[in-house]
């Protein structure tokens, strides 16, 4: 057995793949993928998930033996890869396709490219979407534009903010001068104050300037600790487009992505995962180094324990 030594941060930085050829060369084998995964998971050295011990040894089986509690830990335990029977090379390729394709990747495409079953491809993407949400991500700040949009087609007899077969998504856009900065998206059950203010409180830093329309669901924004700017739109789509152009741009791009990449076949119970993926990729659209985006998602994979297929479907039905 060999000691589970601390990987060098420089080693990890050097391991960033910068293009497809470097990716293919760097991760040609499962062993190379597991080594990278190990460096990311224990970048500061081994920490036993059972007792917190720091003294570990890598066994011939690839697990790490903890001297303090006499337990062995596999590299995938407690991560997105926990109990996965799919080769890690295919997981890495799925990540690469997700972050490098401008329009993302669908389960059908992943099924074809990785030569796996559709159920496996769909589950891989669902788990990766869970990993796109960073628990410690900083809230939006400065000036933030907030509005809602509907996912789904026009329905006869449905007006205003009624929900029948459509899904309501609230969008917050942090302004970077006159440009769109970071975004947050959430599928909400309705346009009530509880839903809208809950979203703003979770995603926007207190004291920020929040710009909304005159819908009464936003009446409590100022009381919640924000500088609230209200622009009446009077139910006029043209006024909404004029005074909230950044939100409407994001909404338009989101709908185009859902319609093109996923053929509009995203069920409401799974919609939040797609929104999380879209926000993750959108917020990194200006990155000059795709390898760092790949690395960030691997970092998130090691701190998220994904639900198995049955539980993902069960949770979706409950929600």
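All of the numbers you see were taken from the coordinates with simple rules; none came from a lab. Predicted model, so just to flag it, every value in this text is computed and none were measured.
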- Give the relative contact order (percent, whole number) for the chain; include only Cα pairs under 8 Å separated by 6+ residues. 20
- Share antiparallel - DSSP beta bridges, region 143-269, percent rounded to 5: 70
- Note on the structure: Rounded to the nearest 500, the 222 nm mean residue ellipticity computed for the chain from DSSP H runs (n ≥ 4, each -39500 (n - 2.57)) alone is -12500 deg cm²/dmol
- With Cα coordinates, the longest principal axis of the chain makes an angle with the long axis of helix 245-260, in degrees rounded to 10, of 60
- Message: Let me understand region 184-283 better: what is its radius of gyration from the alpha carbons, and its Dmax, in angstrom?
- Response: 14.6, 41
- Angle, helix 271-282 long axis vs. longest principal axis of the chain, Cα atoms, 0 to 90°, nearest 10? 80
- Item | the chain - convex hull of alpha carbons, volume per residue in Å³ | 158
- Item | Using alpha-carbon coordinates, inclination of helix 118-131 to the longest axis of the chain, degrees | 80
